[in-house]
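A.B. asks: Just passing along the structure, written as structure tokens.
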Amino acid sequence: MDLTHVQRVRLLYKTILHLHRGLPTELQVMGNSYARDEFKRHKSCNIAEASVFMVEWTKYAVTLAQQLGLKGPKYAKKLGENLDENKLDQMREDQLMQLYELLLAAKENHTESEDNKVS
């Protein structure tokens with residue numbers, strides 16, 4: 001059974017949301033929001049962009065599945081990985097801004113969770 005492009009995109013999106021269930025709550029909320037925005041943003045992109053988009057999000061899903069492991073987040077490896085400098089060099093200015101905003105949101109969530117532990 002061959003899936004259409006739309007079906008493959010939906011399957012990938014649902015897989016990513018499912019994987020996010022294994023993340024800590026703050027990361028799950030941020031990850032779901034980011035994925036939703038990215039998938040909406042690329043809904044009407046050209047074929048070349050769609051291909052790159054699907055490859056990169058598939059790599060993300062595979063990496064996250066490997067990091068979470070079969071036993072779940074309590075037994076998982078450290079989440080995340082460093083971004084390759086070559087990938088940064090290939091990004092457009094708007095992508096770099098988006099990455100920076102994501103960094104700020106992650107730091108804000110981390111600070112809030114640390115504050116809640118102290119209280």
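The values are calculated or read from the model by the stated rules, or taken from the named source; none is laboratory data. Keep in mind it's a predicted model, so treat the numbers as computed, not measured. As a convention, Cβ positions derive from the backbone with ideal geometry for all residues, glycine included, and neighbour counts pool all protein chains shown.
A.B. asks: State yes or no: is residue 49 exposed (fewer than 12 other Cβ atoms within 10 Å of the Cβ) and either outside any loop (DSSP other than H, G, I, E, B) or at pLDDT below 90 (or both)?
C.D. replies: Criteria met by residue 49.
A.B. asks: Of everything in the stretch 58-108, what is at pLDDT 85 or above and of a type in the set (Ser, Thr, Tyr)? Give them in sequence order.
C.D. replies: Of everything in the stretch 58-108, those that are at pLDDT 85 or above and of a type in the set (Ser, Thr, Tyr) turn out to be 58, 60, 63, 100.
A.B. asks: OK, next. Being loosely packed, with under 11 Cβ neighbours inside 10 Å, of a type outside the set (Lys, Arg), out of contact with any His (no Cβ under 7 Å at 6 or more places or on another chain) and modelled with pLDDT of 95 or more: is that true of residue 9 here?
C.D. replies: Criteria not met by residue 9.
A.B. asks: I've got another one for you. Please name all residue pairs, on different chains or six or more residues apart, with Cβ atoms under 8 Å, provided the first residue is in the stretch 15-41 and is farther than 14 Å from residue 98 by Cβ and the second residue is surrounded by 15 or more Cβ atoms within 10 Å (Cβ to Cβ) and polar (S, T, N, Q).
C.D. replies: 17/32; 20/28; 20/32; 21/28; 26/109; 27/109
A.B. asks: With the condition kept exactly as written, say whether any residue in the stretch 21-40 is in contact with a Pro (Cβ under 8 Å, 6 or more places away or on another chain) and either modelled with pLDDT of 90 or more or exposed (fewer than 15 other Cβ atoms within 10 Å of the Cβ) (or both).
C.D. replies: Yes, that holds for at least one residue.
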